[in-house]
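J.: Below you will find the structure I want to go over with you.
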Amino acid sequence: MEYPPLEQLRESVMGDVITMDDLTNEEIIKLLDNARKMLPVAKGDIHLPLLQGKVLANMFFENSTRTRMSFETAMKRLGGEVLNFTSAGSSVSKGETLFDTMQMIDGYADVAVIRHPRQGAAQYSADAVSIPILNAGDGAGNHPTQTLLDLFTIREAHGEFKDLNVVLVGDLRYGRTAHSLSNALARFGVNLTLVSPESLKMPDEIVSDLKSLGGIVNETDQLYEQIKDSDVIYMTRIQKERFPDEDEYSKVSEIYTLTESDLIGSKENMIIMHPLPRVNEIHPSVDSTKHAMYFEQAFNGIPTRMALLCKSLGIDISKEVL
Ligand code: NCD
């Protein structure tokens, strides 16, 4: 289900990030450099109130832990304020439309983050309002702000993207994190291996986009034979809430699980990532290995979202001396 275009489109705002196509490679690298600079601020070691007087609206029409809280922490550590909206307890239950809800936000905040179960909802919102909109997940569509923290995590671990072997595993059909991340990785010259059961393959149109972006893409349903050559293994949750049929979900719900013993023979500096929440994909025995990067990855949401909020609000942090 996609939203129809609005009859009267407003000018698309500079600073909207709906898919990774809204950022050039140069902009991505600049955001990652700025995020690195923000690390001491993200940790709370340095106080830098760059966003004092600015208000972020966190618009969550679907559940979230990390995305909502890391945007909130990012904003607050930069001196800004946060309005938290969840559809439960709001006028959505009285029948208010997304369009009307977003009109309010246009007046209440300077920038909005939106997560919604419907694909296209973030673009629709961006077309409906004049403040910058950051897509924090639209159904099975995209999740570009997760991609920024994923890229940051990979870059901090491996330095360069080019020629890395990155394996994306799990629900590549409905997984929006994999959709956005694969786009960026293809643009940066990564070798991508897509591991999923046949029923959860990456949509054909995305695979052909990845190839036209210059990506080297292999598809398989076999995970374990990929481990020894991998630089990054990116596990994803099977997106239960997007399945039309519970039986179809149970057929694939436990298809790939990494345990500590699976990692024998892997590269020294191979990292295991996961956008979280995990269900069965990574056994807790992996947590204490040197490969486990998922909790650090979740922390990286703060500096990368700081860099993104500053960009969207027109604050240049590249010249800040910290
Ligand atoms: C992901 C999401 O919401 O798409 N979570 C996140 O933002 N870290 C992944 C998921 O829900 O499986």
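J.: Expressed as a rounded percentage, what relative contact order does the stretch 144-299 have, with Cα pairs under 8 Å and six or more residues apart?
T.: Averaging sequence separation for qualifying contacts and normalising by length gives 24 percent for the stretch 144-299.
J.: Suppose only helical runs count, i.e. DSSP H with n ≥ 4. What mean residue ellipticity at 222 nm does that imply for the chain under -39500 (n - 2.57) per run, divided by all residues and rounded to the nearest 500 deg cm²/dmol?
T.: Calculated mean residue ellipticity at 222 nm is -10000 deg cm²/dmol.
J.: Rounded to the nearest whole Å², what accessible area per residue is found for the stretch 144-299 with the 1.4 Å probe?
T.: Here the per-residue accessible area is 42 Å².
J.: In whole Hz, with x marking every Gly and Pro, tabulate ³J(HN,Hα) for the stretch 21-33 from phi via Karplus 6.51 cos²θ - 1.76 cosθ + 1.60, θ = phi - 60°.
T.: 5, 7, 10, 7, 4, 5, 5, 4, 5, 5, 4, 5, 5
J.: Using the 2.2 N^0.38 Å rule of thumb for compact globular proteins, work out how the stretch 159-208 stacks up: its C-alpha Rg over that value, please.
T.: With N residues counted in the stretch 159-208, Rg over 2.2 N^0.38 Å equals 1.09.
J.: Please go through the stretch 225-322 and write out the GluC sites (Glu not before Pro) that DSSP classes as loop and that have at most 15 other C-beta atoms within 10 Å.
T.: Hits after loop and neighbour filter: 254, 268, 320.
J.: Shifting gears a bit: Pick out, in residue order, every one of the trypsin sites (Lys or Arg not before Pro) in the stretch 111-171 that is DSSP loop and has at most 10 other C-beta atoms within 10 Å; say none if there are none.
T.: When the trypsin sites (Lys or Arg not before Pro) of the stretch 111-171 are filtered for loop state and at most 10 Cβ neighbours within 10 Å, 162 remain.
J.: Taking H placed 1.01 Å from N in the peptide plane, check which residues at least 5 places from residue 282 or on another chain put their amide H under 5 Å from its amide H.
T.: For residue 282, whose amide H was placed from the backbone, the distant partners under 5 Å are 258.
J.: While we're looking at this one, here's another question. Go ahead and run the numbers for FRET between residue 269 and residue 225, Cβ-Cβ distance against an R0 of 22 Å, rounding to 0.05.
T.: Using R0 = 22 Å, I get an efficiency of 0.65.
J.: Still on this structure: Calculate what fraction, in whole %, of the accessible area of the chain sits on carbon and sulfur atoms when a 1.4 Å probe is rolled over the protein chains.
T.: On the chain, the fraction of accessible area on carbon and sulfur atoms equals 48 percent.
J.: Can you list the GluC sites (Glu not before Pro) in the stretch 131-211 that are in a DSSP coil and have 12 or fewer other beta carbons within 10 angstrom?
T.: Loop-located and lightly packed - 160.
J.: Let me check against my output: what whole-number percent is the relative contact order of the chain, with C-alpha pairs under 8 Å and at least 6 apart?
T.: Answer for the chain is 20 percent.
J.: Between residue 83 and residues 5 or more places away or on another chain, which pairs have amide H atoms under 5 Å apart, with H built 1.01 Å from N, and which residues are they?
T.: Sorted by chain and number, the residues that satisfy this are 56, 57, 58.
J.: Further, regarding this structure: With just the Cα atoms defining each centre, how far is the stretch 245-322 from the stretch 177-219? Give it in Å.
T.: 18
J.: Roughly speaking, what is the stretch gain from residue 316 to residue 163, that is 0.36 nm per residue apart minus the C-alpha to C-alpha distance, in nm to one decimal?
T.: In short, 52.0 nm is gained.
J.: A follow-up question, please. Extending each Cα 7 Å along its Cβ direction at residue 94 and residue 198, get the distance between those two points in nm, one decimal.
T.: Roughly 5.1 nm, to one decimal.
J.: May I ask you to give the solvent-accessible area per residue for the stretch 4-107, in square angstrom, as obtained with a 1.4 angstrom probe?
T.: Result: 54 Å² of accessible area for each residue.
J.: Measure up 43/311; 94/240; 30/267; 43/240 against 23 Å on the Cα-Cα distance and list the ones that go over.
T.: With Cα atoms farther than 23 Å apart: 94/240; 30/267; 43/240.
The values are calculated or read from the model by the stated rules, or taken from the named source; none is laboratory data. Quantities reported herein were computed from a predicted structural model and do not represent experimental measurements. All Cβ positions, glycine included, derive from the backbone under ideal geometry; neighbour counts span all protein chains shown. Note: accessible area is taken over every heavy atom of the protein model, side chains too, but ligands, DNA and RNA are not part of it. Shrake-Rupley method; radii C 1.70, N 1.55, O 1.52, S 1.80 Å.
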